[in-house]
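Participant: Got a structure for you, written out below as structure tokens; questions coming shortly.
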Amino acid sequence: MNGRTNCGGSLKLHVVGGTTKPSSVAENTIWLNTSTAIPKWCVQNSAPDSPSAGDVYITVRTTTSNALNIGSAFDVTLYLGTAWQYQSGAWVQLLGEVYYSGSWHGLQTFVYDGTIGSTTGNYNADIGGQPWTTGRDGGDVNITNYDDHFTISFNPYGQQWTGTNKKIDFTNVNTVKFTYTASGYTGNLIVYTTKSTSGTRYPDASAAWTSGSSRHSTSINVSGLTGQYWLGTTEGSSATGQSGSINIFSIELIT
């Protein structure tokens, strides 16, 4: 049966919740990883008024990798964004997957999303993506927030590192995807357990970023990780004069 949203309108779309992904589902089924029951759900780009516990809303975007045809009588393309559930009086972003074309695809979950257009609102504080902090064993590193990105700039004498203010739960996450531009000396995008120079020098997962004025996308494979980790960067080495910067436009968790 076609799912019906409780915010109005009939869609060829289904939403299910649970801590285990179902094995047999209909086309255009969205599974959300939550232990809280979902009494009603809707598709819209702002939180519904007067929500009840467990209510879910799913945002749409102008383009994403998840493009669904949800029309019954004629084609209607829906580009899925993020999913949010009302828990304990606040909206919490959920991890999840969507089933279409005979297979599961990861639903978007952003740690940082520059398309929101807010120097502080771009960060998803619910899952740990608060404005980043810095650490070092020498030199200088700075973080500057803009409407559509944040910039990490460094002029090190010794290794610099940055990280989220809170750890992020990487259970059921397969990939962390960064979109950025960078210039000068290169560095690494890292996932790590200890917020210290030694902890960031030997991260649990990492990938080098690519310098250039064009936007790049670099992904870190975190499929072997479970539990809580910091997410950040390392820059520089023991040599002097190795300055550079990276402008980060989005950080996405992919299940």
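This table checks each residue for (1) over 16 Å from residue 96 (Cβ atoms); (2) modelled with pLDDT under 75; (3) assigned to a strand (DSSP E or B).
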residue	(1), (2), (3)
1	yes, yes, no
8	yes, yes, no
15	no, no, yes
38	no, no, no
51	yes, no, no
71	yes, yes, no
75	yes, yes, no
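Participant: Something else now. Consider only pairs whose beta carbons are under 7 Å apart and that are at least six residues apart or on different chains; among these, list those whose first residue lies in region 244-255 and is closer than 10 Å to residue 149 by Cα and whose second residue is part of a strand (DSSP E or B) and charged (D, E, K, R).
Facilitator: Between residues of region 244-255 that are closer than 10 Å to residue 149 by Cα and residues that are part of a strand (DSSP E or B) and charged (D, E, K, R), the close pairs are 249/215; 250/113.
Participant: Could you tell me which numbered condition residue 151 fails, if it satisfies all but one of (1) within 18 Å of the chain's Cα centre (by Cα); (2) modelled with pLDDT under 90; (3) polar (S, T, N, Q); (4) in a strand (DSSP E or B)?
Facilitator: (2)
Participant: Another one. Within region 80-116, track down each residue that is without any contact (Cβ under 8 Å) to a residue 40 or more places away in the chain, surrounded by fewer than 19 Cβ atoms within 10 Å (Cβ to Cβ) and part of a strand (DSSP E or B).
Facilitator: Listed by number, the residues that qualify are 90, 92, 103.
Participant: Mind checking which residues of region 17-30 are buried (at least 18 other Cβ atoms within 10 Å of the Cβ) and either among the basic types (Lys, Arg) or over 15 Å from residue 102 (Cβ atoms) (or both)?
Facilitator: 17, 30
Participant: If a residue must be more than 20 Å from the chain's Cα centre (by Cα) and either of a type outside the set (Ser, Thr, Tyr) or more than 25 Å from residue 169 (Cα to Cα) (or both), how many such residues does region 19-50 contain?
Facilitator: Residues that pass the stated criteria total 15.
Participant: For residue 194, indicate whether it is assigned by TED's automatic domain parsing to the domain that holds residue 250 and either assigned to a strand (DSSP E or B) or crowded, with 16+ Cβ neighbours inside 10 Å (or both).
Facilitator: no
The values are calculated or read from the model by the stated rules, or taken from the named source; none is laboratory data. These numbers come from a predicted model, not from an experiment. Using ideal geometry, Cβ is built from the backbone for each residue, glycine included, and neighbour counts are taken over all protein chains shown.
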